[in-house]
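Enquirer: Below is the structure I would like to discuss, written out as structure tokens.
The values are calculated or read from the model by the stated rules, or taken from the named source; none is laboratory data. Keep in mind the model is a prediction, meaning the values are calculated, not measured. Ideal geometry is used to build each Cβ from the backbone, glycine not excepted, and the neighbour counts take in all protein chains shown. Surface areas here come from the heavy atoms of the whole protein model, side chains and all, with no ligands, DNA or RNA. Shrake-Rupley method; radii C 1.70, N 1.55, O 1.52, S 1.80 Å.
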Amino acid sequence: MYDYDLFVIGAGSGGVRASRMAAQAGAKVAIAEEQFLGGTCVNVGCVPKKLFYYGANFSSDFSDARGFGWSLQPPEFHWPTLRDNKDQEIKRLNTIYASLLDGAGVELIRGRARLQDPHTIEVDGKSYTAARILIATGCKPYVPNFPGSDLVITSDDVFYLDELPKRLLIVGGGYIALEFAGILHGLGVEVEVSYRGNQLLKHFDHALGKKLLTEMRGQNIEVMMQSQVLSIDEHSAGQLAVKFNESVERSYDAVLYATGRLPYTSDLGLDNTATQRRDNGEIVVDEYFQSSEPSIFALGDIIGTPELTPVAIEQGMAFVDTWFKDAARTVDYAAIATAVFCHPNIGSVGLSEERAREDGFDIELYESDFRHLKHTLSGRQERTYMKLVVDTASDKVLGAHMMGQDAGEIIQGLAIALKAGVTKQIVDSTIGVHPTAAEEFVTMRIPTSATE
Ligand code: NDP
């Protein structure tokens, strides 16, 4: 007999959902967590980031307001207020997570868990046994090794800074780099971005990264493309001297690395089991989250599926349905909508133009690039961009992509339509909501280009 039916390591989005659902299904469940409840999303990711994003939006709202007749004293921003108010909200959420676990009858064990064998876990010198062990430890920021790499900060640090830097370099061209570029610029930091490639957000439809680059430069954010940091040295007074390729050298108050995240799976005792890992630390599992060690399972950011909170939550529920409810099911990873909370927002679902072509589809593209009605009075030059990728043969919409205000909100509805297999004909027969930006998605009639 084991102590538990299920022992979960990591109380982030996926681990908490799986443990609660399993306990509600009648299993005896424990969950171990060495840091905070709610994982990256609640503590150093989605939630505090979105609160900072709202905070940053005020700066453009204040300047937009003038065109609508408002005059304002120069507004002042106080970073410690935003940071501390955010901390209060996160504490509240941590408490809610604790009571959700408690309410479901899940035993919370504080401390770092390590596997001793396929059924035994050790936490702070105490051993526990379980029929099944679920690893849901998530990822940690990755910083490449180079001279001065110990001087940089990561997204984990930004949430707790004592003060905001005046001049900041952000390295990377993905989600985190571009979200923080917009947020910190909005909060008054002089931001520069260094990206090693020539296509921001390279896994998205390429038009989005190109349009975003134009918008960022229009906001006076300097984005250096094909730029590489060679070394960082510390000057006096906390100044960092950064050497780039092509003999460029610049000084900053801080350097933020947003160069991806790596699975937090080392030092977990996995070597005491037959659990297979990839070179980057990902745990190899089958579609039901079972590893090569039959009693060990993994889900969330550490298994090579999209690193998104709702994906981990869905995986947690599929895991419980399969292993504790006798209702085996897998997760459908097609048409997962995602948003990048950069300024302006990006929302995307389904295939990019590039991916559709790679997959061999004959496609038609429908695009619209316009100035939002609001900006006719605000004076802002910002553009809104929308694109539909349509399969010529079946008329099915393969992808929908947007850059513009509220793109993250708008894309969710399109995700439902794509999941339901919407055709362009149905999109065309949908009457728009007027006057909105979103209505543009149902009024694009003339293809902008087509494959032969
Ligand atoms: P991303 O994979 O999105 O971007 C990493 C960036 O770092 C890329 O531009 C990459 O360049 C660059 N890079 C990687 N290695 C190096 C290196 N050695 N030197 C210089 N540049 C390098 O990772 P993020 O860290 O931004 O985000 C991690 C994940 O977290 C995302 O993929 C996403 O799934 C999730 N996330 C989701 C959010 C949301 O839903 N809104 C918000 C934030 C994160 P290249 O393009 O050339 O590969």
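Enquirer: Could you rank LYS211, LYS166 by how accessible they are, 1.4 Å probe, largest area first?
Expert: LYS166, LYS211
Enquirer: Here's a follow-up. Taking only Cα atoms, what is the 0 to 90° angle, nearest 10, from helix 309-324's long axis to the longest principal axis of the chain?
Expert: Helix 309-324 sits at roughly 30 degrees to that axis.
Enquirer: Under unit Cβ charges (Lys, Arg +1; Asp, Glu -1), what dipole magnitude, rounded to 20 debye, does the chain have relative to its Cα centre?
Expert: Numbers: 41 positive and 61 negative charges, 127 e Å.
Value, rounded to 20: 600 debye.
Enquirer: Right, next: Residue by residue through the range 435-446, what is 3J(HN,Hα) from phi via Karplus (6.51 cos²θ - 1.76 cosθ + 1.60, θ = phi - 60°)? Round to whole Hz and write x for glycine and proline.
Expert: So the Karplus estimates, Gly and Pro as x, are x, 9, 6, 4, 4, 4, 4, 9, 10, 7, 10, 10 Hz.
Enquirer: Per residue, how many Å² of accessible area does the chain show with a 1.4 Å probe? The partial results should precede the final answer.
Expert: Details: 21040 Å² over 452 residues.
Dividing the accessible area of the chain by its residue count gives 47 Å².
Enquirer: Hey, another quick one. Just going by the charge dipole of the chain, with Lys and Arg at +1 and Asp and Glu at -1 on Cβ, which of PRO141, ALA438, LEU299 is farthest out on the positive end?
Expert: My answer, from the dipole projection, is ALA438.
Enquirer: Here is a follow-up. Could you pull out every residue, at least 5 positions away or on a different chain, whose amide H is within less than 5 Å of the one on ASP362? Hs are placed 1.01 Å off N in the peptide plane, and Pro or chain starts have none.
Expert: So ASP362 has HN proximity to THR392, ALA393.
Enquirer: What fraction of the DSSP beta bridges in the range 91-210 is antiparallel, stated in percent and rounded to the nearest 5?
Expert: 60 percent
Enquirer: Given the pairs LYS49/LYS91; LYS49/LYS210; LYS202/LYS387, which are separated by over 20 angstrom at their Cα positions?
Expert: Over 20 Å apart, Cα to Cα: LYS49/LYS210.
Enquirer: Output the relative contact order of the range 1-127, whole-number percent, from Cα pairs under 8 angstrom with separation of 6+ residues.
Expert: Normalised by residue count, the contact order of the range 1-127 is 31 percent.
Enquirer: Still on this structure, please answer the following. List, in order, the whole-Hz ³J(HN,Hα) value for each residue of the range 198-203 obtained from phi through the Karplus relation with A = 6.51, B = -1.76, C = 1.60 and θ = phi - 60°; use x for Gly and Pro.
Expert: Result, ordered by residue: 10, 9, 4, 6, 5, 8 Hz.
Enquirer: Restrict the search to the range 1-89; then list the GluC sites (Glu not before Pro) that DSSP places in a loop and that have at most 12 other Cβ atoms within 10 Å of their Cβ.
Expert: Here the GluC sites (Glu not before Pro) that fit, given the DSSP loop and packing criteria, are GLU76.
Enquirer: Now for a separate question. Taking the Cα centre of each part, how many Å lie between the range 15-73 and the range 232-272?
Expert: Between the Cα centres of the range 15-73 and the range 232-272 lies a distance of 25 Å.
Enquirer: Using the Karplus curve 6.51 cos²θ - 1.76 cosθ + 1.60 with θ = phi - 60°, work out ³J(HN,Hα) for each residue of the range 44-51 in order, rounded to whole Hz, and write x for Gly and Pro.
Expert: Listing the rounded values in order: 9, x, 2, 5, x, 4, 5, 5 Hz.
Enquirer: For a quick check: with amide H placed at 1.01 Å from N, whose amide H comes under 5 Å from CYS139's, ignoring anything fewer than 5 positions away on the same chain?
Expert: Here TYR264 satisfy the definition.
Enquirer: Mind jotting down the three principal axis lengths of the chain based on Cα atoms? Whole angstrom, largest first.
Expert: Projected onto its principal axes, the Cα set of the chain covers 70, 64, 44 Å.
Enquirer: Excluding residues on the same chain fewer than 8 positions from LYS325, give the aspartates and glutamates whose Cα lies under 14 Å from its Cα.
Expert: Cα-Cα hits under 14 Å: ASP5.
Enquirer: Does the range 222-288 classify as rounded, prolate or oblate by the C-alpha gyration tensor (a ≥ b ≥ c root eigenvalues; a/c under 1.5 gives rounded; else a/b over b/c gives prolate, otherwise oblate)?
Expert: Here the range 222-288 falls in the prolate category.
Enquirer: Then there's this: Given the whole protein assembly as supplied and a 1.4 Å probe, what does the accessible area of THR338 come to in Å², nearest 10?
Expert: Roughly 20 Å² of THR338 is accessible to a 1.4 Å probe.
Enquirer: Give the residue list of chymotrypsin sites (Phe, Trp or Tyr not before Pro) in the range 74-177 that are DSSP loop and have at most 16 other beta-carbon atoms within 10 angstrom. Display every interim value, and only then the final one.
Expert: Numbers: sites: PHE77, TYR97, TYR128, TYR142, PHE159, TYR160, TYR175; in loops: PHE77, TYR142, PHE159, TYR160.
Answer in residue order: PHE77, TYR142, TYR160.
Enquirer: Calculated from DSSP H runs of 4 or more alone, at -39500 (n - 2.57) each and per residue, what is the 222 nm mean residue ellipticity of the chain, nearest 500?
Expert: When only DSSP H runs of four or more count, the value is -9500 deg cm²/dmol.
Enquirer: Along the positive direction of the dipole of the chain (beta-carbon charges: Lys, Arg +1; Asp, Glu -1; about the Cα centre), which of VAL171, HIS78, ILE313 reaches farthest?
Expert: HIS78
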